[in-house]
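Below is one structure, written out as structure tokens; the observations come after it.
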Amino acid sequence: MPNAGSFRENWLRPFFFYGNNWLSLIGGAITTASAMVLAAFWVISVFGHGGSSNPYLGILFDLLLPGVFVLGLVLILVGILIRRSYLLATDQVPSFFPEVSLQDPAFRHGLEIVAVATIVNFIIVGVGCYRGVAYMDTVSFCGQTCHVMAPENAAYHVSSHSGVACTECHVAPGAAGYVHAKVNGTKQLFMVVVDHYPKPIMADSKVPAASATCLHCHNAHIDLGDKLLIHKAYADDSSNTQTTSLTLLHVGGQDVLGHLSGIHGAHMGRIEYMATDSANQTIPWVRKTNSDGSTTDFVAAGAALPSSAKPHVMDCIDCHNRAAHSFDTAQGALDRMMAQGSPSASLPFLHKEALTLLNAKYDSQTDAKTRISSGLITFYRSQYPSVWDTHRAQVEGSAAALVKIYSTNVFPSMKVTWGTHPNNIGHNDSPGCFRCHDGSHTSKTGQTITNDCSTCHNLVVSNEPHPKLLADLGMR
Ligand code: HEC
Ligand code: HEC
Ligand code: HEC
Ligand code: HEC
Ligand code: HEC
């Protein structure tokens, strides 16, 4: 085989001859060591554990480590080129390259250097990656390290799902979901590294379908019956007059005989829609599949859909879009915290003053922290000195509570402010149910998607100071 011979003589021998320099040898060791770590990671993920589902591992194993691998190759090449041009310039190129053989002391010496350096590099890279994997798998990595996730992370920790890992809802199970999330995660991290990402970050329907996430833990086929919402609100008067509303929501679902009822039962797998925006806030086209298999289309007057719009089967996330990170309105958050005792409803005009402070514009959370605190304290010190003298701790505690409300809902650095992430449950603060139930979605036969208040709830008590019903129920 003359070709093989000439390959050996014209390429292999010169490669090893020129390659026998420090730079190329270290390069060789770096390449081998990173290849070994990559191979070890692949073996571990194929055989189960260590195959973490964290999408951000992509940054380590898809970008960083292959980068190190390529760096090693580049070093080999650069070393060869430098040595070659040096030998050429000093006229030291041998007329004929030595055999590649273990008998050759120079070749053996080079091999020893590569072997030792590979072991050292393998330990360094391996330990580095092991620690990286362990670290990236923590919720703190997903939520905190990556400062762009600060809003979702803060809301997550006060939600019912604070014990559910981010990846449970954001990564679909199985290989496809894993690869998808990995590619996406790597892309997103890269965008963060080069500081080129959208602010605010919107979901844009990139969350896997509920069947792949929510339904692993929740049973869609149960009847939740009615749910009583108790909502306390405060007026802007000097005594922050408290009123209570009681709303009986007909949540329903599917009973053991398969009957569908209420809010849950009405939509289950039977409603499709198309939206004009990526956040699904404007929905001009809705289709219902009736029990006999026929369909009814409801269209909003003057609807115009982009040609790219595709029907989407409604699932849990279309209503519970803020299940793990719900951002409140200023008023909603304030009322809820006041009902819990702090900010204190016993301070004159607290509700009015607090709302003004919460709704003001601040440059950063640090700015908000100082100015909300000092704003409230200054208000009582100057307008109600006697209150300040006697209730100082309450004023300071209320200021701290206001800062807490602000800092879990508004993130100036990420352009997340009141109302940026609308909650689709309800219809008072954002369109929510009324994206379809606004009474203007009509079928060809003149049917409309209902807007009748009592189909969804009974407004049992509406803003009463002391509802008798609450006392009857034994509630305070
Ligand atoms: C219980 C399920 C669940 C968990 C747990 C969860 N998320 Fe989400 N996440 C969602 C849903 C649902 C959306 C919104 C989907 C939509 O509006 O289309 C979302 C949206 C987001 C968005 C897009 C921006 C936004 O606010 O809409 C980010 C970023 C995000 N989540 C980060 C996180 C992080 C970080 C964690 C862990 C600290 C986490 N999520 C945990 C379900 C979850
Ligand atoms: C890993 C399991 C798990 C997953 C996945 C999960 N949940 Fe939950 N969810 C829970 C648990 C547990 C609770 C009850 C928490 C409590 O009451 O303290 C809960 C509570 C809820 C509640 C009632 C409390 C509230 O916040 O209103 C809703 C609604 C809900 N989940 C919807 C969802 C939706 C929608 C998804 C998918 C985006 C989802 N869940 C995914 C475990 C899960
Ligand atoms: C048409 C909108 C809609 C859809 C779709 C929907 N829900 Fe709900 N769900 C609601 C409303 C409204 C409530 C009551 C609101 C509240 O608790 O404040 C509720 C309440 C709940 C609760 C809390 C019940 C309680 O006692 O606190 C859970 C859990 C829940 N839903 C899970 C799901 C799951 C899982 C799915 C998907 C199979 C789903 N929901 C689909 C509207 C919806
Ligand atoms: C994507 C559109 C859409 C959204 C959003 C939506 N619905 Fe519906 N809903 C429908 C359609 C379509 C029907 C069936 C109408 C019919 O049969 O006349 C329906 C039916 C219902 C029914 C049964 C009505 C009846 O006459 O029996 C209830 C209750 C209901 N929805 C509650 C809600 C609640 C609560 C929300 C918000 C949390 C909500 N829906 C959000 C489309 C929607
Ligand atoms: C398609 C279903 C639907 C229809 C129709 C509907 N609502 Fe609602 N409404 C809801 C849901 C769901 C909530 C609860 C949101 C939540 O969990 O905070 C709500 C909450 C409310 C609240 C706030 C209750 C509180 O104290 O927090 C008021 C007030 C209200 N609705 C009034 C009305 C009136 C008046 C009508 C009739 C014009 C109406 N709604 C029609 C679904 C509906």
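The distance between label points at MET475 and ARG381 comes to 4.1 nm (points 7 Å beyond Cα on the Cα→Cβ vector). Taking 0.36 nm per residue of sequence separation and removing the Cα-Cα distance, the ALA106/HIS312 pair yields an extension gain of 67.3 nm. From helices alone, the chain scores -14000 deg cm²/dmol at 222 nm; the rule is -39500 (n - 2.57) for each run of n ≥ 4 DSSP H residues, then divide by the residue total.
Treating only the Cβ atoms of Lys and Arg (+1) and Asp and Glu (-1) as charged, compute the dipole magnitude of the chain about its Cα centre; round to the nearest 20 debye.
660 debye
Around the amide H of PHE298, modelled in the peptide plane, lie the amide H atoms of VAL286, ARG287, LYS288, all under 5 Å away and 5 or more residues distant in sequence or on another chain. Normalising the average separation of contacting C-alpha pairs (under 8 angstrom, six or more residues apart) by the number of residues puts the relative contact order of the chain at 15 percent. What is the calculated FRET efficiency for THR450 to MET36, with r their C-beta to C-beta distance and R₀ = 56 Å, to the nearest 0.05? Here the calculated transfer efficiency is 0.30.
Give the relative contact order (percent, whole number) for the stretch 292-408; include only Cα pairs under 8 Å separated by 6+ residues. Intermediate values should be presented prior to the final figure.
Details: 71 pairs, mean separation 32.4, N = 117.
Dividing the mean separation by the residue count of the stretch 292-408 yields 28 percent.
Within the chain, the longest run free of exposed loop sites, counting chymotrypsin sites (Phe, Trp or Tyr not before Pro) that sit outside DSSP helix and strand states (H, G, I, E, B) and have at most 11 other Cβ atoms within 10 Å, spans 97-476.
Can you tell me the 0 to 90 degree angle between the C-alpha axis of helix 350-359 and the longest principal axis of the chain, rounded to 10? That works out to roughly 30 degrees. How would you classify the stretch 268-332 from its alpha-carbon gyration tensor, with a ≥ b ≥ c the square roots of the eigenvalues: rounded for a/c under 1.5, else prolate if a/b is greater than b/c, otherwise oblate? Verdict is oblate for the stretch 268-332.
Cross-link partners of LYS232 among lysines, defined as those whose alpha carbon lies under 19 angstrom from its own and excluding same-chain residues fewer than eight positions apart: LYS352, LYS468.
Two decimals is fine: what's Rg over Rh for the chain, C-alpha atoms, Kirkwood radius as Rh?
In the chain, Rg relative to Rh is 1.15.
Read the figures in this text as sums done on the coordinates, not as results from a lab. What you are looking at is a predicted structure, and each value in this text was computed from that prediction instead of being measured. Using ideal geometry, Cβ is built from the backbone for each residue, glycine included, and neighbour counts are taken over all protein chains shown.
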